[in-house]
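Structure incoming, see below.
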Amino acid sequence: MEVQPELSVEVLRNLNFGTVITNSGTQQINLGDNRMGVFEIRALATQSVLISLDKPEHLEAEQNGNTDQIPLSLQAAYSSQANNYDNIIPFTNNNLRTVLESISDSKNSSAWETGYVYIFGDINVGDVIPDSYSATLVLNVVYQ
């Protein structure tokens, strides 16, 4: 007998703007870019879920004493298939209600389904002190 949790969320890839230059202006990561963030959600098939995001508004410097911030604007979209950007569902007001189900009509479908949340957006790099800047995005998934 195997016992599994009803829901799992895994970070497949962190959003990463890489190295940028001070005063370089807007730096963008688009949907489908290999630097966008990707979450994988695994839950019981046909399970209705509410996915919500707690998004930061800026990146903060990691060096003590540096109070500089970089404005951050993030977007999110959901797909039932990995690397499929044609049939996405965009989040509205940082929320999305959906049913985890496969778009295939396979009779051999599993009791489990997988969905993907893509995180992308832009930063606006002004006159900031050279440093490492980061923030934390929280993804909440609740059964309905």
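For the chain, what does the accessible surface come to per residue with a 1.4 Å probe? Please give it in Å².
The answer is 62 Å² per residue.
Quote the charge dipole size of the chain about the Cα centre in Debye, to the nearest 20; the model charges only the Cβ of Lys and Arg (+1) and of Asp and Glu (-1).
Magnitude of the dipole: close to 320 debye.
I'd like the Karplus ³J(HN,Hα) series for the stretch 24-29: coefficients 6.51, -1.76, 1.60, θ = phi - 60°, whole numbers in Hz, and an x wherever there's a Gly or Pro.
Whole-Hz 3J(HN,Hα) from phi for the stretch 24-29: 8, x, 6, 10, 10, 10.
Return the carbon/sulfur percentage of the accessible area of the chain, one whole number, probe 1.4 Å, all protein chains in place.
The computed percentage sits at 43.
Step through the residues of the stretch 74-90 one at a time and calculate ³J(HN,Hα) from phi using the Karplus curve (6.51 cos²θ - 1.76 cosθ + 1.60, θ = phi - 60°), rounding each to whole Hz and writing x for Gly and Pro.
Going residue by residue, I get 10, 10, 9, 8, 10, 9, 7, 10, 5, 6, 10, 10, 7, 10, 8, 10, x Hz, with x marking Gly and Pro.
Under a point spin-label approximation (7 Å from Cα along Cα-to-Cβ), what is the THR46-VAL138 distance to one decimal in nm?
Here the modelled spin labels are 3.3 nm apart.
Note down the nm distance, to one decimal, between modelled labels 7 Å out along Cα→Cβ at THR26 and at VAL9.
2.9
What are the equivalent ellipsoid semi-axes of the stretch 13-144, built from the alpha-carbon gyration tensor (square roots of five times its eigenvalues), in whole angstrom, biggest first?
34, 14, 11
Sticking with this one: Ignoring ligands and nucleic acids, what accessible area does ARG35 show with a 1.4 Å probe (Å², nearest 10)?
Result for ARG35: roughly 90 Å² accessible.
The values are calculated or read from the model by the stated rules, or taken from the named source; none is laboratory data. As the structure is a prediction and not an experimental result, all values here were calculated from the model. Neighbour counts are summed over all protein chains in view; Cβ atoms, including those assigned to glycine, are modelled from backbone coordinates with ideal geometry. Just the protein is used for accessible areas: all its heavy atoms, side chains included, with ligands, DNA and RNA removed. Shrake-Rupley method; radii C 1.70, N 1.55, O 1.52, S 1.80 Å.
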